[in-house]
1. Somewhere in region B:166-184, is a residue closer than 30 Å to A:Leu223 by Cβ and within 14 Å of another protein chain (Cβ to nearest Cβ)?
2. Would you mention how many residues in region B:71-93 are free of Cβ contacts under 8 Å to residues at least 40 places away in the same chain and part of a helix (DSSP H, G or I)?
3. Between a first residue in region A:213-226 that is in contact (Cβ under 8 Å) with a residue 24 or more places away in the chain and a second residue that is part of a helix (DSSP H, G or I) and of a type in the set (Lys, Arg), which pairs have beta carbons less than 7 Å apart while being 6 or more apart in sequence or on different chains?
4. Residues that are at the interface with chain B (Cβ under 7 Å from one of its Cβ atoms) and at pLDDT 90 or above: does region A:114-127 have at least one?
5. Going by the conditions given, is B:Ala269 surrounded by fewer than 22 Cβ atoms within 10 Å (Cβ to Cβ), assigned to a loop (DSSP other than H, G, I, E, B), more than 9 Å from chain A (Cβ to nearest Cβ) and of a type in the set (A, V, I, L, M)?
6. Is it the case, given these coordinates, that B:Ala154 is small (Gly, Ala, Ser), within 14 Å of chain A (Cβ to nearest Cβ), in contact (Cβ under 8 Å) with a residue 40 or more places away in the chain and closer than 23 Å to B:Leu116 by Cβ?
7. Go through region B:128-143 residue by residue and tally those that are within 12 Å of another protein chain (Cβ to nearest Cβ) and touching a helix residue (DSSP H, G or I) at 6+ places or on another chain (Cβ under 7 Å).
8. Just need a number here: residues in region A:50-92 that are under 15 Å from A:Pro268 (Cβ atoms) and among the basic types (Lys, Arg).
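The values are calculated or read from the model by the stated rules, or taken from the named source; none is laboratory data. Quick caveat: nothing in here was measured; it's all calculated off a predicted structure. Methodologically, a virtual Cβ is constructed for each residue, glycine included, from the backbone with ideal geometry; neighbour enumeration extends over all protein chains shown.
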Amino acid sequence: MSAATELNNVPDVPIDATRRKRAWLAAFRTPAGIIGVILMLLVLVVALLSLFGLTPYDPAHQNVADSLKAPGSGHLFGTDQFGRDIFSRVSSGLANSLRIAIVSVAAAAIAGTVLGVLGGYYQGVVDRIVGVVTNVLFAFPSLLLALALAATLKRNWLTVSISIAIVYLPIFARVARGPVLTLRTADYVLASTAIGRSRFSTLFEHVLPNMRGILVVQITLSLSWAILTEASLSFLGFGTPPPAASLGGMVYDAQTLSSVAPWMLLFPGIALIVAVIGLNLLGDSLRAALDPRTGSRR
Amino acid sequence: MMYLRHPITRRVGEAVLTLVGVSVLTFVLLRVVPGNQITASYGTAAGELSPEQVRSLEAYYGLDKSLPVQYFDWLRGVLTGNLGVSTTSHVSVAQLTGQALPNTIELAVLSILVGLLLGVPLGVLAASRPGKSRDNLTQLSSLLALSVPSFLLATVLASWLANNFGWYPNGEGFRTLVQDPGLNLQQMILPVLVLGISIAPPVLQTTRTAILAIRAEDYVRTARAKGVPERRLQTRHILRNALIPVVTMTGLQFGFLLGGALVAEQIFAIPGIGRQVLLGLTQKEYAVVQSTVLIIATMFVLVNLLTDLVYRVVDPKARVR
């Protein structure tokens, strides 16, 4: 195995690796990429506060004497109708959004990519079955499918993640299948099979690494959609169950109180938008940097 | 057997296969739900039923049969128009859908119009000077529109208008277009605006990309070389061809709106088909949810099929492929 690997890798990998590294870095040199990184760092810091229990208050602690306080000293973002500290809840809500987004996108990316790659690489019956599964999942508007799945399962953050993962699985299957179709007939893939490597190890050694760019872009963008989907589910009452803080649920609670306590609507809303814009900016600049078509023009 | 290989036959066959899968998934999904029709219709009283009563009820609802048999029974019902009955209101799902669907379609059509009116001109604007400030500015606004969740935009808009101007037409009971066109259109303004803004970015991007790609085509250069006036070149040669992918995008978005307008319908109290699902879920009316989800997915598949077929007609290149 090692001999064959070395033989295959020697000619083009060193050049390819530096070129690839430069392409990755280019994504973080554009203004959009820099802003994306800054926004995501901000989101991460705020979310990590709650993960390490460093929020100024317990996000679930009710203190009726302090209810509906305007932002200011003591409560940076003010308090809600139960006297809970909004900043602490935004922090915990962001952590919840990120956790669900990461788990669901990771699951969707792994399962979807496996399906797409198998279909594209082996073709035939496998491809047909994968095609039907993706078509069926695509036949439901995404929020509706997530809602129907989340509503039938027992509600907790994990089932919400699973529901979102199932919704985004077909996207990854489709995104992965396309490049595999072209890669499987690429000269170096054919050469690898010609020198006796099994189709399976060729797949791992030569086909999958070349799809990294596409997958990274798709993952970044999917994270932002997953955050939006979780927030929408929670807003509709089928996401993260209370008393856990979720940004969508906080916006829902703020609806009726928006005239007396606009900060209840403002801060979770801004947190949500910052997280989504950050991921979208990152995804867009990664796409621009890694896509050979647009990359060469820059 | 040649006709089996025809692209259109294959596309239709694929749609039929998808619909079968959709019906299986919908059926399975609602069987996973804890509790069955008996607990759904009797609530807590179901616990007081004797084993015999439970057995006869199971026979009545067909729950004693095997799952495949239950599936085909259900499918036969659906295909003959029996979509089930709401247990709380005793109205058939077909009737409920008949009332809800026109509202959703109205909402979808108006939102698509707003999305196109925003997206296409902005896409043309962005493509007119790629990489320059007007392009960057439109791209930025498109990114912003994509990043603001529609439920947030809807909530902010609605509470701002209600708090500062005391204008909130959706607070009154919903009126259909037939009952009170004036009030109906007022009630449609906010949801249509919110949905239109969420549709505009993909339309904008598609228009921009298509224009840029077509501008580089040989036939555009040829047309310019033989002296076609610039205005005619931009409209007849470039924009007209660039709109072909926009048609596909519009079809896709329309399908989404038929079932995806959940949030807008919920916030603005539009009794459409998305709200029917939500209401069914909160009231645990699983027959209503099951049939409505099936109807939405079927419409989605059919709209996509139609879009594909229309695409073949508008774009001669697709016919050859």
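1. no
2. 5
3. Going by the 7 Å Cβ cut-off, the qualifying pairs are A:Val217/A:Arg287.
4. no
5. So B:Ala269 fits the description; yes.
6. Spelling it out, B:Ala154 is indeed small (Gly, Ala, Ser), within 14 Å of chain A (Cβ to nearest Cβ), in contact (Cβ under 8 Å) with a residue 40 or more places away in the chain and closer than 23 Å to B:Leu116 by Cβ.
7. 4
8. 2
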